[in-house]
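First comes the structure, then the notes that go with it.
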Number of protein chains: 2
Amino acid sequence: MMRLWSNRFVYRRMTTTGRRAGSGMNIGEIARRAGVSRSTVSYALSGKRQVSAGTRKRIMEVIDELGYRPNASARALAEGRTRTIGLVIPPASNRLTHMQLDFVASVVEVAAQADLDVLLSPSGGDHDRSFERLVSESRVDGVILMEIRIEDARVSRLRKARMPFVGIGHPSQDEQLCWVDVDYAGLIDHCVHHLADLGHRHVALLNRSPELVASGYGPGHRARAGFMQAVEERGLTGLELLCGDDARSGQECIAELLRSHPEVTALATVNEAALPGVQRALAEADRHIPRDFSISGVVADQWAEDFRPALTAADVPAATMAAQAMSLLIDRIKDPATPAQHLLMSPPITLRSSTAAAPPPGSADATPSADG
Amino acid sequence: MMRLWSNRFVYRRMTTTGRRAGSGMNIGEIARRAGVSRSTVSYALSGKRQVSAGTRKRIMEVIDELGYRPNASARALAEGRTRTIGLVIPPASNRLTHMQLDFVASVVEVAAQADLDVLLSPSGGDHDRSFERLVSESRVDGVILMEIRIEDARVSRLRKARMPFVGIGHPSQDEQLCWVDVDYAGLIDHCVHHLADLGHRHVALLNRSPELVASGYGPGHRARAGFMQAVEERGLTGLELLCGDDARSGQECIAELLRSHPEVTALATVNEAALPGVQRALAEADRHIPRDFSISGVVADQWAEDFRPALTAADVPAATMAAQAMSLLIDRIKDPATPAQHLLMSPPITLRSSTAAAPPPGSADATPSADG
DNA sequence: CCGGTTCGCCGAACCGGTTCGACTTCTCCG
DNA sequence: CGGAGAAGTCGAACCGGTTCGGCGAACCGG
């Protein structure tokens, strides 16, 4: 069991001939060239202790000359934080909606302003390894979790790992969860009231796909709830359409609606991707917007403006939501004990040109009769 | 100058009561509980040296029990690589096209399969700090650079930092650069030949926005080149339209085209985002697709299928491109001396329903006369 | 029974930063 | 002139991994 230690220095590696040759550009090299110690360079850069003006100037000159930037991994290891946040997005297979894309872009933008990097992780589907790496290998300081389901395994996983996070969307009832969401229920309710005010008595809700809603997708459920509430309050006849997230499904869905329920004169939608199809179906049935048929809903502003005629709709404020979520997250990273906050955003409905007074009773029935 | 060393052990920090309490979950803790040294745990995990079956089993049991995962920053520091790649995207202000989005999603997907993480960095615009962090702080092992311009400062920056990277798109002539691109010139040439074969004599190219093309945007320039070549080869009359990347611009652009050049009966497009507008403008002018007007071009397959009628077009194979780019990048990370490769992808043109034989001469002129 | 190999494990150096205690020097004040 | 206090710097420990040289024991053939 005895070991011979007399030769220990013989085997000591020389500092100057490390394992990797590397670029030799590290804080030690800067220190050497500036004739100070490594800690002094660190303090000159961070300002956490005073460094004399002369010394600082010398150090900065060396740094500028060599274009030195501290190594992110080493810094993360020492500081215990990565200056990176994780953005968990729905898997690419389920095509992202424009609203979601706006949101991703905004998060990256806002993060860049706060000098944070963003690590992207698709989750759901089969590749949860990426998500697992994020939470358990300390790759990020916090996480923004998109598209939270009513029951969501990832939420409990993040909690177990004590990883600060903010959700986009919110599960059923969970006071401790910190989230930002769009008030789909309130907005759709508002839209339907607007349509009722214009005299529409038979309205439809264009919801997301059957699978999505069945899997507990919050916006789908809440849009439905808001719709039902408003329909009941105003004594309307309401009809819900579950429609795939693409133009073709939209076209089929609306064509079917016009055929089977010609009395419907107005639509509230939360399904942006279906809109081009909605337009085609109405055009083919010779229903003019907004003269014969009104459309309103919750839509990314770009789509609302691109539609012809421009949509009267609640524009989802993706950039604001991203900024809010990031701000909440940064708070929770600083102090994990920060009480959970819930931000339910309720953007105003912008009046554009897709809604008008309901056509006089009977006229709607007459038009599509050519089709039947 | 003399220092008192007799007390050095008095001030030595105890290992068990470190600066941060932390979760105490590190390789040392695993080693302690399994009754082995840290290096043995490391080898048991990496398999880089043999570890006896019994020891390995004991270690793995402890690891599973505690749910241990090695710290990414520490590993990155020690290994000299981050297992992360950077994806440099155009700034969010310039809205991403569907093709680009498909590409981003595919990159994330492919990276996840290779157990790599993806760090997102918007560049261009004012926030180049993010890009700078990426290249100079060793945050990533390699970079995929989207939307390379004919002259691109980021390319030289990456080169100076000796950071392996692969471009999507390619600058004018640069043999050392490694890239993957779509053969816009060849594809548009092919499209125009197809239209010419159908008897069209007056064709237009729907290019991207004037600003984008002016700023040296490769696809714009190459689409133009391919268009001009084919027009010349077939003795056609060609017209180029520079059109903003949105439906409204598309509508205005095509409306103007139909008014001023009613003899044009076919369009080749590289501007997906304008397509809904193209459709509206043609419908308003009572030009039926494909009876009165043919459309072809380079379009993400989803858009091609969503269009009515479905577009005869070259579907950009975003997923394949992403996989190729990633594979190239991984090669260059492994061995930076790998010779640069250039992959010019030329997907087949899928025949759908938006192209047909040119209308007989004269009929095209007659239709829009009602408008004038 | 002995020298050489192989196997399995350990201790220490190292990656490149940050942070803390302590030392030297300089200044100010009684 | 001496002691207190502040300013500026340094050395070393530390973050949590990986990797390398080396050692003891078991195993081998002659």
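The values are calculated or read from the model by the stated rules, or taken from the named source; none is laboratory data. Note that the structure is predicted; figures quoted are calculated from it, not measured. Cβ coordinates were reconstructed from backbone atoms using ideal geometry, including for glycine residues, and neighbour counts include every protein chain displayed. Side chains included, ligands, DNA and RNA excluded: accessible areas come from the protein's heavy atoms. Shrake-Rupley method; radii C 1.70, N 1.55, O 1.52, S 1.80 Å.
In loop segments of segment A:33-105 as defined by DSSP, the trypsin sites (Lys or Arg not before Pro) with at most 12 further C-beta atoms inside 10 Å of their C-beta are A:48, A:49.
Could you pull the copy-to-copy label distances for residue B:327, with points set 7 Å along Cα to Cβ, in nm to one decimal and sorted shortest first? Here the equivalent label points are 4.7 nm apart from this one.
Taking only Cα atoms, what is the 0 to 90° angle, nearest 10, from helix B:53-66's long axis to the longest principal axis of chain B? It is inclined by approximately 70 degrees. Cysteine residues of chain A whose Cβ has no partner cysteine Cβ closer than 4.7 Å: A:178, A:191.
By the rule of a C-alpha distance below 25 Å, with chain neighbours fewer than 8 residues away ignored, the lysines paired with residue B:57 are B:48.
Taken about its Cα centre, chain B carries a charge dipole of roughly 3520 debye when the Cβ of each Lys and Arg holds +1 and the Cβ of each Asp and Glu holds -1.
Among residues other than residue B:56 with Cβ under 14 Å from its Cβ, the summed charge is +2 (Lys and Arg +1, Asp and Glu -1). Where both residues lie in segment B:97-256, what percent of DSSP beta bridges are antiparallel, nearest 5? So the antiparallel bridges in segment B:97-256 amount to around 10 percent. With the simple spin-label model, which puts each label point 7 Å out from Cα in the Cβ direction, the residue A:350 to residue B:65 separation comes to 6.0 nm. Using only side-chain charges placed at the Cβ, +1 for Lys and Arg and -1 for Asp and Glu, the dipole size of the protein assembly as shown relative to its Cα centre rounds to 6680 debye.
How much of the accessible area of segment A:21-70, probe 1.4 Å, is carbon plus sulfur, in whole percent? Carbon and sulfur together cover 47 percent of it.
Averaged over peptide A:73-85, the number of partner chain Cβ atoms lying within 10 Å of each residue's Cβ comes to 5. Label-to-label distances for residue B:79 across copies, nearest first, come out at 2.3 nm, using points 7 Å from Cα in the beta-carbon direction. In a DSSP loop and with at most 15 other Cβ atoms within 10 Å, the GluC sites (Glu not before Pro) in segment A:124-218 are A:151, A:175.
Summarising the strand pairing of the protein assembly as shown, around 10 percent of its internal DSSP beta bridges are antiparallel.
For the residues A:223, A:214, A:340, a GNM of chain A with alpha-carbon springs under 10 Å puts the largest fluctuation on A:214. Shielding value for A:106-116 is 4, the average number of Cβ atoms from other chains within 10 Å of each residue's Cβ. Partners of residue B:160 within straight-line reach, counting lysines whose Cα lies under 20 Å from its Cα and excluding those fewer than 8 residues away in the same chain: B:334. Quick check: the distance between the Cα centres of segment B:110-164 and segment A:207-267, to the nearest angstrom? If you average the Cα positions of each part, the centres end up 43 Å apart. Applying the criteria of a DSSP loop state and at most 15 other Cβ atoms within 10 Å to the GluC sites (Glu not before Pro) of segment B:259-358 yields B:263. For residue A:113 and residue A:288, the FRET efficiency from 1/(1 + (r/R0)^6), where r spans their Cβ atoms and R0 equals 41 Å, is about 0.35.
Just to be sure I understand: of the beta bridges DSSP finds with both ends in chain B, what percent are antiparallel, rounded to 5? The antiparallel proportion sits near 10 percent.
Of the residues A:324, A:50, A:113, the one that moves most in a GNM of chain A with alpha-carbon contacts below 10 Å is A:50.
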